[in-house]
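Data block below; observations after.
Derivation of every value follows stated rules applied to the coordinates shown; laboratory data play no part. Treat the numbers as computed from the prediction; the structure is a model and nothing was measured. Cβ atoms come from the backbone with ideal geometry, glycine included; neighbour counts cover every protein chain shown.
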Amino acid sequence: MIYIGSDHQGFKLKEKIKVYLDKLGFRYEDMGAYKLDKQDDYPDFAKEVCNKVVGNAHVRSVQNFGILICGTGIGMSIAANKLSGIRAALCCNTESAKSAREHNNANVLCLSKNADYKNISSLCSSRTLKSEQSSDYKNITKAFLDAKFTKSERHIRRLNKIHNS
């Protein structure tokens with residue numbers, strides 16, 4: 001199951017992503033915001049989504065994901081990563097989304113509503129975007145959801161170091 005949430009700044013992008021998830025046939029639950037309210041706070045939605053993501057963590061066959069959107073994506077990623085069992089990644093192209101899943105076993109995708117996903121330099125480093133990478137929010141979302149954790153020894157070792165620190 002995918003749990004999706006945003007504050008008021010990410011509301012419009014969240015609604016677009018929901019339409020895209022419907023088109024792809026993914027099941028999701030909208031955890032808010034349910035309307036534009038400039039007084040809402042992103043940590044509240046991060047907590048709601050992340051509690052659902054880790055809610056069935058004890059059941060090995062259940063793989064939940066979260067998608068969080070705010071103005072920059074940074075606040076959501078910070079708030080999400082405060083919660084035990086969450087590995088949230090702010091992704092700006094398909095390569096970062098794929099790597100977040102394959103190398104870091106990320107379970108929450110964070111996106112920026114302010115990012116010009118057609119002009120990747122607005123969010124990511126000045127590294128040249130490879131032609132096979134896409135910076136479109138749809139492709140980023142799909143790359144994240146389609147990728148699988150490699151379970152390689154080095155990635156497991158690194159995650160254990162993070163988990164045990």
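I'd like to compare 88-100, 72-84, 36-48: which one has the highest average count of other Cβ atoms within 10 Å, and what's the full order after that? Write out the running numbers ahead of the final one.
Details: 88-100: 22.8, 72-84: 19.5, 36-48: 16.7.
Those peptides, ordered most packed to least, come out 88-100, 72-84, 36-48.
First measure r as the distance between the Cβ atoms of TYR20 and ILE162, then evaluate 1/(1 + (r/R0)^6) with R0 = 35 Å and state the FRET efficiency to the nearest 0.05.
Details: r = 31 Å, r/R0 = 0.87.
The formula returns an efficiency of 0.70 here.
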